[in-house]
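Asks: Below is one structure. I have some questions about it.
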Amino acid sequence: MAELTPMMKQYKELHAQHPDCLLFFRLGDFYEMFDEDARIASRELDLTLTTRDRGKAEEERTPMCGVPYHAAEGYIARLVGKGYKVAICEQMEDPALAKGLVDRDVIRIITPATVVESSMLEEGSNNYYASLCQTAEGIGVALIDVSTGEACATLSDGEDARDKAFNELGRFEPRELLVDGDLAQGKRFALDVQLRLRCPVNVGQRGLYEDEAVNAALASQFEGQELSGLPLPVRLALGALVQTLRALQKSDISHVRHVDYYLSGRYLELDLTARRNLELTQTLRGKEKKGSLLWVMDKTRTAMGSRMLRAWMEKPLRNPNEIRKRLEAVKELKEATLPRQELLLALKTVTDLERVTARIVTGLANARDLVQLSQGCAGLPALKARLKGFRASLLAVVAEELDELSDLRQAVEQTIADEPPFSLREGGIIRPGCSEEVDRLRDIMSGGKGTLAGIEAREKEKTGIKNLRVGYNRVFGYYIEVAKGQVDLVPADYIRKQTLVNGERYITQELKELEDTILGAKDRVNALEYEIFTKLREQLAANAERIQRSSRAVAAADVLVCLAELAVQNNYCMPEVDLSASIEISAGRHPVVEKTLRDALFVPNDTSMDGKRERVAVITGPNMAGKSTYMRQVALIVLMAQMGSFVPAASARIGVVDKIFTRIGASDDLAAGQSTFLVEMSEMADILKNATPAAC
């Protein structure tokens, strides 16, 4: 370290604080990387690797590479997508004003589950960071999506607590997982993560799980929500996750305001095998959305609605009353053709308010994000007005929850330019007329034409010199030019600056002050614009809860309208959902297969199971006869009904199901040492062990 330059010492010290990250070290207009970080970035990003030549031998030179700061987001996205963590090190003071070495610090650590930039996220999917913690009571499961502010938690207990926990995580497909040390060392844990979740695992330090730290984190993060009744493992998992996210973001995450704690009996349960075989969100072979149930059903108009539809599909309800409210809303929308089309038009104008709010609260939003928020709010009044015309109770609740946010939209429109630049430090983000001082400085920067004309008019009137002219050149700056024939009229306070063939040039104290003002105007106007922008961003952040509440209402309206459109376009019927043990389906169809058939029609078929005499159906036939299709069809119709959707059938009566199991097709699991036969027997044994009277 003694041989290093002060800047490289600073770099080494900061890197030592974040040894598991690639350090993006801000130097002027670039983020630079050195040593092993530079080698990795050069390899992964196809960047040219250079060296710092300080007279050393070639093998002793420091490898380095860099990316422009304004284009860094794309490079970071590629690195994070490959599993790397990136620490952003910024200049904490203006280099022009710094005395000696510029102060720098890490302002944020970007990992797969902490990104909030839209370019790094899939708009139709949540981006969860999950947390598991095991105690004698069971395994606490907690999840937070920083990009939207959503948080939820539950408890997995009993002999099969671990399997339940992994099945629960399978609903959310987290991008990262935080676990306590004891759980991470359990048998088969690493293999379970690799085979079931396929996401990076971070082992939490013991200090994250201490009572004092957990209680303080929960009390400050979820202020106003009573969490003392949560089971201990849930509290520990959630508290450790909050502390971890704060440490990574190094900024406010107050948009994560409420945690949804739910019991296992609230939603229909699907294990990972069932979810995979039913191809809910992706196909079994190609891992693509096309060909899945989500592909058929996701006709939402907003990113928020797409995420909510996916959540409803992953967590079908078990309460008939809640299901019925959704179905009644879909029914009314289905029957109201013109109002439904008007809702669709209004929804198309709403942008992703949830994720832009996250960027605003965390201090990462730029002026374009604020314009996006304003544009997204523009369609809310029309959407609310149209929703008020419906009678269904759920639609009435949605209309009530939907805040038009007119004051926030107006604040943005009055402050931010229509097409602001990407950078916040280079000016041009504040609308003309918003600030008199900004307008004055801009006028000065553009040559001060108005100011110069005013000075010229005053000096002509004061001196009586009719041909007096105020001008500017790069060598002498601002001046007053007087023809030789009128030099005797020049006042005593004029200071001669240059002699010309036809006249003299002078300066005055006012012109000198104007020149100083112009030279510093650019820096001052940029700083003032940033100050105005920051105040507006803080104002919007203070209203984050309003925006989030309205976002959820928009998402719910979008999903309900989507389900109504599906019912119309695909000839779905409204199912009857009750607490019976029956599954009665007339002329049922597979929702995906019927959409993929090109030159043939899907042949409908019936299902009759009353839960008493008809509890089991034996399906026989040759290969490719449609046995698996029929089994999946029944399961998908049940799932669609319990998520609140109409179903592909002539009629359907569904007794609420608590679990869905599948055992379809032949496959092995060689990584876990299981042959095809062993996989089949293990899955069948799991079904028989966990089946309940209300299982499907």
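Any read-out appearing in this document is the output of simple, stated calculations on the displayed coordinates, not a laboratory observation. For clarity, every value in this text was computed on a predicted model and none was experimentally measured. FYI the Cβ positions are ideal-geometry reconstructions off the backbone, even for glycines, and counts take in every protein chain you see.
Asks: Taking the condition of being among the hydrophobic types (A, V, I, L, M, F, W, C) and more than 60 Å from the chain's Cα centre (by Cα), how many residues in segment 494-516 meet it?
Replies: The total comes to 3.
Asks: Condition (residue is over 28 Å from residue 146 (Cα atoms) and among the hydroxyl-bearing types (Ser, Thr, Tyr)) applied to segment 387-399: is it met by at least one residue?
Replies: yes
Asks: Something else: State the number of residues belonging to segment 612-649 that are under 16 Å from residue 661 (Cβ atoms) and over 42 Å from the mean Cα position of the chain (by Cα).
Replies: The qualifying residues number 4.
Asks: Pick out, from segment 176-250, the helices (runs of 4 or more DSSP H) lying fully within it that include 3 or more residues that are under 25 Å from the mean Cα position of the chain (by Cα).
Replies: Here the list reads 211-221, 232-249.
Asks: Can I ask one more? Filter segment 251-263 down to residues that are assigned to a loop (DSSP other than H, G, I, E, B) and in contact with a strand residue (DSSP E or B) (Cβ under 9 Å, 6 or more places away or on another chain) and give me whichever is surrounded by the fewest Cβ atoms within 10 Å (Cβ to Cβ).
Replies: 263
Asks: Scan segment 405-414 residue by residue and report those that are within 13 Å of residue 376 (Cα to Cα) and touching a residue at least 40 places away in the same chain (Cβ under 8 Å).
Replies: Scanning segment 405-414 gives 405, 408, 412.
Asks: Something else: Of (1) surrounded by fewer than 20 Cβ atoms within 10 Å (Cβ to Cβ); (2) among the small types (Gly, Ala, Ser); (3) over 30 Å from residue 429 (Cβ atoms), residue 292 satisfies all except one. Which?
Replies: Among (1) surrounded by fewer than 20 Cβ atoms within 10 Å (Cβ to Cβ); (2) among the small types (Gly, Ala, Ser); (3) over 30 Å from residue 429 (Cβ atoms), residue 292 violates only (1).
Asks: Oh, and also: Among the numbered criteria (1) in contact with a Phe, Trp or Tyr (Cβ under 8 Å, 6 or more places away or on another chain); (2) touching a residue at least 24 places away in the same chain (Cβ under 8 Å), which single criterion is violated by residue 498?
Replies: Answer for residue 498: the failing condition is (2).
Asks: Same structure, new question: Restricted to segment 413-472, and to residues that are acidic (Asp, Glu) and touching a strand residue (DSSP E or B) at 6+ places or on another chain (Cβ under 7 Å), which residue is surrounded by the most Cβ atoms within 10 Å (Cβ to Cβ)?
Replies: That would be 459.
Asks: Here is a further query. How many of the residues making up segment 289-318 are in a helix (DSSP H, G or I) and polar (S, T, N, Q)?
Replies: Number of matching residues: 1.
Asks: Quick one: would you say residue 93 is in contact with a Ser or Thr (Cβ under 7 Å, 6 or more places away or on another chain) and of a type outside the set (Val, Ile, Thr)?
Replies: Answer is no for this residue.
Asks: Filter segment 531-578 for residues that are hydroxyl-bearing (Ser, Thr, Tyr) and within 24 Å of the chain's Cα centre (by Cα); which is surrounded by the most Cβ atoms within 10 Å (Cβ to Cβ)?
Replies: Per the stated criteria, the residue is 551.
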